[in-house]
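Undergrad: Let me begin by handing over the structure; questions about it come next.
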Amino acid sequence: MSKNDTVTLTDNATGKQVELPILRPTCGSPTIDISSLPKELGYFTYDPGFVATASCHSNITYLDGAKGVLEYRGYPIEQLAEKSSFIEVCYLLFHGDLPDKDQLDEFDDIITTHTMLHEAVKRFYSGFRRDAHPMATMVGVVGALSAFYHHGEDIHDPKHRMITAHRLIAKMPTIAAWSYRYTNGQPMVYPKNSLSFSANFLHMMFSMPTEEYTPDPLFVKALDLLLILHADHEQNASTSTVRLAGSSGANPFAALSAGIASLWGPAHGGANEAVIRMLQDIVDSDNDVAHYVARAKDKSDRFRLMGFGHRVYKNFDPRAVIIRKTCMNLLAELGTNNKYQALFDTAVELEKIALSDEYFVSRNLYPNVDFYSGIILLAMGIPLNMFTVIFAMARTVGWISHWNEMIEDDDFRIGRPRQLYLGAETREYVDIDKR
Ligand code: ACO
């Protein structure tokens, strides 16, 4: 190892030094391997929120926050959004390369024929309250699938892992749509094999046994695009959760359920729902955008501009750029009198004001993936509380691809962060009558 491939860390108290190797990625920032630090110097490192820490190495997704770059397996998101389909992106993320025609047909066929749920699963739904948030139902039902796929499943067998991936990708839309149908007291609609992945989801969401239903091709296309854009995003909170939960060798359905729980939070996937509530509030306040911008800047107010800011993107979120354009085109197709135009116009106004405001500019706060996606979903007739569910449906392939990668990694071991303990020092137990 040459001197250029290490950094030297000196403990000023003792003068002791340690050479730490620099790991060179295919793209992105070089990374210092600190794993020898506890043994060599007796130190841990401290990095709340993983701001500077790579928790693993990965070959799946690359993003450059300064340049606004996002690539799945090396393919720019803009090209995938324009030319690919969600099902092809699923193959790409899980297997590592774009499929040829036969591979794609076979994969599509496998996913299509794994969409059914065990009939017993249907009965789970009636155990939930009717007003349960569909994300709560998703956490429960996906976790419960571990009761169906456990014995006989070997996570160290690549074939078993692949079947698990197929099951999860295929069944998630059925679980998601049924979460919605249950809260509405509507009959569960079974999947239809003649439909594409996205058309089938709309069919399970909106069709009635009493009437013919043909999913609108415009909505099918928009949904497929949203699924592509949400399919993976390297080591975000929910993906890291799946990896950590799965690192103990836990059942993958249970690990995915933990990922869904993590995604639900408003600082992560739950933001798309919060954005619409915020935009609606602004519209209802006679479009007092300035008031909401002022609130977002006021440190004594917990309010934040939802759909703004990102831990990694500090220039622009490439997904937001694509979604904004798609949203504009979709609303134009629906005609200028559509009821979502006001939300879109307010979002554009908010973006304009925020992007010229010193507070947002100096903190590199830009619209993220969630800022415009909700308007598209609303226009498709998707209710607010299903937004994050659709995100989970898309991200399933990312979660399971990372879980698969983690298990086949030679460095794979249980995830076990350390801590900086700031609690009480050792003290004697005091009997209750003496306290
Ligand atoms: N509105 C107002 N101020 C903000 C916002 C916002 N949306 N986001 C960040 N800031 C400010 C913070 O107050 C902080 O200011 P300070 O330096 O004066 O204290 C600074 O910008 C940095 O913010 P952090 O919270 O430290 O940034 P972090 O990287 O931890 O958080 C996050 C990123 C969670 C996305 C944050 O920007 C946020 O809460 N945004 C709104 C919620 C949202 O849209 N989430 C979706 C993210 S995308 C996704 O998960 C799919």
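Undergrad: In whole percent, and with a 1.4 Å probe on the protein chains, what portion of the accessible area of the chain is carbon and sulfur?
TA: Numbers: 11720 of 22520 Å².
The C+S portion of the solvent-accessible surface of the chain is 52 percent.
Undergrad: To continue, here is another question. Please go through region 50-102 and write out the trypsin sites (Lys or Arg not before Pro) that DSSP classes as loop and that have at most 14 other C-beta atoms within 10 Å.
TA: Numbers: sites: 67, 73, 83, 101; in loops: 67, 73.
Qualifying residues, ordered by number: 67.
Undergrad: For residue 362, what is the net charge nearby, where nearby means another residue's Cβ is under 15 Å from its Cβ and Lys, Arg count +1, Asp, Glu -1? Before the final figure, lay out the partial values.
TA: Details: positive: 297, 299, 314, 363; negative: 357, 358.
Net local charge, residue 362 excluded: +2.
Undergrad: Please give the peptides 7-19, 390-402 ranked by average Cβ packing (other Cβ atoms within 10 Å per residue), highest first, as a rough proxy for protection. Display every interim value, and only then the final one.
TA: Working: 7-19: 11.2, 390-402: 26.7.
The packing order, highest mean first, is 390-402, 7-19.
Undergrad: Moving on. Read phi for every residue in region 299-306 and hand back ³J(HN,Hα) as whole Hz from Karplus 6.51 cos²θ - 1.76 cosθ + 1.60, θ = phi - 60°, with x for Gly and Pro.
TA: 5, 8, 10, 6, 4, 10, 6, 6
Undergrad: What nm value, rounded to one decimal, do you get for the distance between residue 363 and residue 57 when each label is placed 7 Å out toward the C-beta?
TA: According to this spin-label approximation, the distance is 3.6 nm.
Undergrad: May I ask you to order 243-254, 219-230, 120-131 by the average number of other C-beta atoms within 10 Å around their residues, highest value first? Walk me through the intermediate numbers first.
TA: Working: 243-254: 19.7, 219-230: 23.3, 120-131: 12.8.
Peptide ranking by packing, descending: 219-230, 243-254, 120-131.
Undergrad: By per-residue mean of other Cβ atoms within 10 Å, what is the highest-first order of 32-39, 91-98?
TA: 91-98, 32-39
Undergrad: If you don't mind, another one. Test of the criteria: in region 24-81, which chymotrypsin sites (Phe, Trp or Tyr not before Pro) are in a DSSP loop and have at most 16 other Cβ atoms within 10 angstrom of their Cβ? All intermediate terms of the calculation are to be shown ahead of the outcome.
TA: Numbers: sites: 43, 44, 46, 50, 62, 72; in loops: 43, 44, 46.
Counting only loop positions with at most 16 other Cβ atoms within 10 Å, the chymotrypsin sites (Phe, Trp or Tyr not before Pro) in region 24-81 are 43, 44, 46.
Undergrad: To continue, here is another question. Given a 1.4 Å probe, how much area per residue of the chain is accessible, in Å²? Please report the intermediate quantities before stating the final value.
TA: On the way: 22520 Å² over 435 residues.
In whole numbers, the chain has 52 Å² accessible per residue.
Undergrad: Moving on. Please work out the FRET efficiency for the pair residue 8 and residue 95, using the Cβ-Cβ distance as r and a Förster radius of 30 Å; give the result to the nearest 0.05. Walk me through the intermediate numbers first.
TA: Details: r = 41 Å, r/R0 = 1.37.
Efficiency, rounded to the nearest 0.05: 0.15.
Undergrad: A follow-up question, please. Which FRET efficiency value, to the nearest 0.05, is calculated for residue 43 and residue 432 with the Förster distance at 56 angstrom and r the Cβ-Cβ distance? Kindly include the intermediate steps, with their values, before the conclusion.
TA: Working: r = 39 Å, r/R0 = 0.70.
With R0 = 56 Å, the Cβ-Cβ based efficiency is 0.90.
Undergrad: Also, I was wondering about something else. Percent relative contact order of the chain, based on C-alpha pairs within less than 8 angstrom and at least six residues apart?
TA: Over the chain, the number comes to 20 percent.
Undergrad: Hey, another quick one. Could you state the number of Å between the C-alpha centres of region 358-406 and region 37-73?
TA: Here the answer is 22 Å between Cα centres.
Undergrad: Using only C-alpha positions, report the orientation-averaged shadow area of the convex hull of the chain, nm², one decimal. Walk me through the intermediate numbers first.
TA: Values: hull surface 114.8 nm².
Quarter of the Cα hull surface area: 28.7 nm².
Undergrad: Which length gain, in nm to one decimal place, applies between residue 17 and residue 277 when the Cα-Cα distance is subtracted from 0.36 nm times their residue separation? Write down the numbers at each step before the final one.
TA: Values: separation 260, 0.36 × 260 = 93.60 nm, distance 5.42 nm.
Gain on stretching residue 17 to residue 277: 88.2 nm.
Undergrad: OK, next. Give me the net charge for the shell around residue 391: Cβ to Cβ below 15 angstrom, other residues only, Lys and Arg +1, Asp and Glu -1. Display every interim value, and only then the final one.
TA: Values: positive: 319, 395; negative: 224, 232, 273, 317, 370.
Taking every Cβ under 15 Å from that of residue 391, the sum is -3.
Undergrad: Residues with beta-carbon under 14 Å from that of residue 51, excluding residue 51: net charge, scoring Lys, Arg +1 and Asp, Glu -1?
TA: Working: positive: 311, 314; negative: 47.
Spelling it out: positives minus negatives among the neighbours equals +1.
The values are calculated or read from the model by the stated rules, or taken from the named source; none is laboratory data. The model shown is predicted, which means the values in this text are computed figures rather than measured ones. All Cβ positions, glycine included, derive from the backbone under ideal geometry; neighbour counts span all protein chains shown. Side chains included, ligands, DNA and RNA excluded: accessible areas come from the protein's heavy atoms. Shrake-Rupley method; radii C 1.70, N 1.55, O 1.52, S 1.80 Å.
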